[in-house]
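Let me begin by presenting the structure, written as structure tokens, before commenting on it.
Nothing in this text is a laboratory measurement; each read-out follows from the coordinates by a stated rule. If you're wondering where the values come from, they're calculated on a predicted model, not measured in any experiment. Cβ coordinates were reconstructed from backbone atoms using ideal geometry, including for glycine residues, and neighbour counts include every protein chain displayed.
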Amino acid sequence: MTPLRRSDVRSGFARTDDGQQLYWRTVGSGPAVALCNGIGVSTFFWKYVVEGLRDRYRVVLWDYRGHGRSSVPRGDGLSLGMERNAADLWTVLDAAGVDAGPAVLVGHSMGCQVILEAYRQAPERVRALVPMFGTFARPLDTFFDSPHARAVFDRIQPVASRADRRARRWLLPLYASPVAFDFSRWLGLVHPEHADAVDIHRYTDHLVRMDPDVFLGMLSEMAEHDLGPHLPHVTVPTLVYGAGRDVFTPAHRARAMAEAIPGARYVHLEDASHAALVEHPVSIQAELDAFLAEVESSAAM
């Protein structure tokens, strides 16, 4: 891997129209590839993808409102919906200087909804879409592939909203960091053999520091967001990843997404969980490299 020059790594904060500060970082140079996180996750989950792309692409990483180094929105009327997250992505790309041409948008988990919404808002700014291990609509309806998952959340959410801040933390998933990795493996949330404890602990450590109002508010917005009617209108190259052990967003949701998008390609990793980004980086990167090479080749014609 070619050593990075100092000029190939930049970072800063983008200011939104309602005064929020969003952290961003770019790594490498070349055509832009923007990476959109899942809910409750910061940029660290993309470390293997960044390593695989930075020699040929300008990789853009960023944090949603209330995540990582971005500011925490306060007060009533928090703007935490997928439409706002997508608009924030465009604000970040403008601040990072990615405005000369279309970008490849890659999303993991909730990030799939964000990049699809971003495409709906500004299709001319998108070169290709890569939704990874997520869905296009109402993910809580299929959580654990159970018809009761949404009902459970709908009962917990009002209790959490009335509880004090300390109590609410215990209602959020995977917050008991010392036991989170073993608990996650036992539930099947991560692969019992391929997941690395360090990677999962970084996630739970970040989650436990999040403002619970932001997490629950964004989760509620995510649960209602539905882009199903827009999928047949996607006209850019699209690569969809699904995982056989994904209990957050079962693989049949990813397959349905690929089937609804004209010409989309579907990649299935049978022995992977929702945390496949850190479980199977080699397999993911091989498919991504081939796809991006095709995208660049067609753009040059």
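Overview of values
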| item | result |
| --- | --- |
| Sites matching GluC sites (Glu not before Pro) across segment 223-301 that sit in DSSP coil, with at most 11 neighbouring C-beta atoms within 10 Å | Glu270 |
| Cα gyration tensor shape of segment 233-301, rounded if a/c is under 1.5, else prolate or oblate by comparing a/b with b/c | oblate |
| Spherically averaged projected area in nm², based on the convex hull that wraps the Cα atoms of segment 1-72 | 5.0 |
| Within segment 1-70, trypsin sites (Lys or Arg not before Pro) in DSSP loop having at most 12 other beta-carbon neighbours inside 10 Å | Arg5 |
| Amide H partners (placed H, <5 Å) of Tyr266, local residues excluded | Val240 |
| All-pairs Cα distance distribution in segment 33-133, expressed in whole percent, bin size 5 Å | 3, 13, 25, 27, 19, 9, 3, 1, 0 |
